[in-house]
1. At pLDDT below 85, within 26 Å of residue 73 (Cβ to Cβ) and either hydrophobic (A, V, I, L, M, F, W, C) or in contact with a Lys or Arg (Cβ under 9 Å, 6 or more places away or on another chain) (or both): does that describe residue 218?
2. Within region 412-427, is even one residue assigned by TED's automatic domain parsing to the domain that holds residue 299, within 20 Å of residue 334 (Cα to Cα), in a helix (DSSP H, G or I) and in contact (Cβ under 8 Å) with a residue 60 or more places away in the chain?
3. Among the residues of region 111-132, is any out of contact with any Ser or Thr (no Cβ under 8 Å at 6 or more places or on another chain) and not in a helix (DSSP H, G or I)?
4. Regarding region 391-403, can at least one residue be identified that is within 28 Å of residue 96 (Cα to Cα), of a type in the set (A, V, I, L, M, F, W, C) and either surrounded by fewer than 17 Cβ atoms within 10 Å (Cβ to Cβ) or touching a His at 6+ places or on another chain (Cβ under 9 Å) (or both)?
5. Inside region 133-157, can you point out the residues that are in a helix (DSSP H, G or I) and not aliphatic (A, V, I, L, M)?
Amino acid sequence: MTPDAGAGRLAPPAAGVLRKRLLRISGSLRAGSLKAQLARGAAKAFVINLASVGLGFLSQLVLARVLGVEGYGIYAYVFAWVTVLGLLARSGFPTSLLRFVSAYRVQQEWGLLRGVIRFAEVRVAVASVLVALVGSAVVWALAERLGLALANAFLVGLWAVPLVAMVEVRCAIARALGQVTMALVPERLVPQAILVVCIGFIFFLPAADVGPVLALGFRVTGLAVALALVSWVAWNARRAVVAPNQPLATGEQAAWRSAALALLALAVLQAVRRHADVLLVGFLLDTTDAGIYRVASYVAGLVAFPLGAINIVFAPVISAYHAQGDRESLQAMVTATARWIFATALIIALPLLIAPEFILGLFGSDFVAGATALRILLIGQLINALTGSVGFLMTMTGHERPATVIFGVAAALAVVLTVALVPVFGISGAAAATASGLVLWNLALAVFIYRRLGVVPSIVRI
C-alpha cells in the first residue's frame, strides 16, 4: 500500500471527524453566546426590578407622608380597584401575546404576528375604555353614598385603567420581539418616578395642598408618559422584524381568544390574592384602615423580592432540566435556589420583625397601628420563601391547570377568612387571612410537585 493510497482511504473519515469537531465547537460557541446573552438580559432585568422596588418604596413613603393616613387610604383603595379592573380589561392578552408573538417571530409568520397584535390591541383598548366609562357612571350614581373625596378620586383614578392595560399590552409586544430591557424601563420605573417628582415639587410650593385626587392625577400622567415610551419601543421593535405593508392574517382568532381566556382565569385569581384583602378592609372597615393595611402589606411584600429576582434567571432552567428528564440536576437547582431565596428573605424580614413600629413610623405615626398585621404577613412571606419557586415549577413543567385550581382554593379561603376575621380582629384579621391563603398555596403546591415530579421544593433536600 502506497502512502498516497493509504492517505486517500483515510481522508474521508478524518474529514468527517474534523467536521464533527468543528460543528461541536461552533455549537458550543453559539450556546455560550446564547448563555451570555441570557445572563446579560437577566442581570439587566434584575437591576431594573431592584430599582423598581426601591423607587416603589420611595413613592409609597412620599405618598403616605404627604397625604396622611386618611388621604393615603383613599389613594390606596382607589388604585387597588384600578389594578383589578385593569387586569380584567387586559383579559389575559399580555401573557398570550408573549406566547404567540414569540412563536410567530421564530416561525416567520409575519401576517399572523401582525394579526394577533391588532386582535389584542383593539379588544383591550375597547374593553378598558368601556370599564372606565361604566365605572365612572357607577361612581357618579353613588357619589353621595361614597362621599365627595372618594368619588372624585375614583373619577380621576378610573381613567388609569385604559393606560395600565395598554402599557401592559405594548410592553408584552416589545418583550416578545426581544426588547426586554427597553420595555421594562417605561413600565416599571417611569410612572413611579414621575409621581415622586411631581408630588415632591408640588409639596414644596407655598400653600400647596396635595390630596389623593391630585396624587392620582400625577399617577395617570406618569402612566400616559409610560404608554408613549413603551409604544415607541414596541413600534420600533415591530418595524425591525416585519414590514409595515405585510398583510394581516387572522386565521387563528379562536386560538388567541381561547388562550387569553384561560390566562385571564389565572390572572383574576392572582388579583384576588394580591388585592382582595385591601378592598375588603376598605369595604368592611374604612379607607383609613385600608391605607394602614396597604402600607403593612407593601412592606411585607419586600421580603418576596428575592423570589421574584431568582425567578427571572431560573425559570428557563427549570423548563430545560424538566425537558431533559434530569431530575437530579433539577432537585439540586431547586434546593440551592430555595436556600438562597430564604436566606435573603430572612435577612430582609428580621429587622422588620424586630422593629415594625420604626419601619411603619417612617410613613407616619398613624401607620404604626399596622405593626401586628405586618408581623403576621412577614411570617407568611417567610413560609412562602421556604418553598422556593413552586409557582414556576408548576408552570414551567406544564402543570398550569392544577396550579390554577390550587390557587383558586387558596384565594377563596383567604377571602372567606378575611370576611370572617376583619370585623372581629380588624386589619390583623386581614393579615392572618392573607397569610393563611399564602401558606396553603405553597404547601399544596409543594406536595403536588413532590408527588408528580419527585422534587422536594424546600431548603431541605430529602
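1. Working: at pLDDT below 85: no; within 26 Å of residue 73 (Cβ to Cβ): yes; either hydrophobic (A, V, I, L, M, F, W, C) or in contact with a Lys or Arg (Cβ under 9 Å, 6 or more places away or on another chain) (or both): yes.
For residue 218, the condition - at pLDDT below 85, within 26 Å of residue 73 (Cβ to Cβ) and either hydrophobic (A, V, I, L, M, F, W, C) or in contact with a Lys or Arg (Cβ under 9 Å, 6 or more places away or on another chain) (or both) - is not met.
2. No.
3. Scanning region 111-132 turns up no residue that is out of contact with any Ser or Thr (no Cβ under 8 Å at 6 or more places or on another chain) and not in a helix (DSSP H, G or I).
4. Yes; the residues of region 391-403 include at least one that is within 28 Å of residue 96 (Cα to Cα), of a type in the set (A, V, I, L, M, F, W, C) and either surrounded by fewer than 17 Cβ atoms within 10 Å (Cβ to Cβ) or touching a His at 6+ places or on another chain (Cβ under 9 Å) (or both).
5. Once the filter is applied, which keeps residues that are in a helix (DSSP H, G or I) and not aliphatic (A, V, I, L, M), region 133-157 yields 135, 136, 140, 144, 145, 152, 154, 157.
Yes or no, residue by residue, for (1) out of contact with any helix residue (DSSP H, G or I) (no Cβ under 8 Å at 6 or more places or on another chain); (2) within 20 Å of residue 69 (Cα to Cα):
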| residue | (1), (2) |
| --- | --- |
| 182 | no, no |
| 185 | no, no |
| 191 | no, no |
| 209 | yes, yes |
| 218 | no, yes |
| 223 | no, no |
| 227 | no, no |
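Quick grid of which residues meet (1) crowded, with 23+ Cβ neighbours inside 10 Å; (2) of a type in the set (A, V, I, L, M, F, W, C); (3) out of contact with any Phe, Trp or Tyr (no Cβ under 9 Å at 6 or more places or on another chain); (4) at pLDDT 90 or above:
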position	(1), (2), (3), (4)
152	no, no, yes, yes
158	yes, yes, no, yes
183	yes, yes, yes, no
203	no, yes, yes, no
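The values are calculated or read from the model by the stated rules, or taken from the named source; none is laboratory data. If you're wondering where the values come from, they're calculated on a predicted model, not measured in any experiment. Don't worry about glycine lacking a Cβ; one is built from the backbone with ideal geometry, like all the others, and counts go over all protein chains shown.
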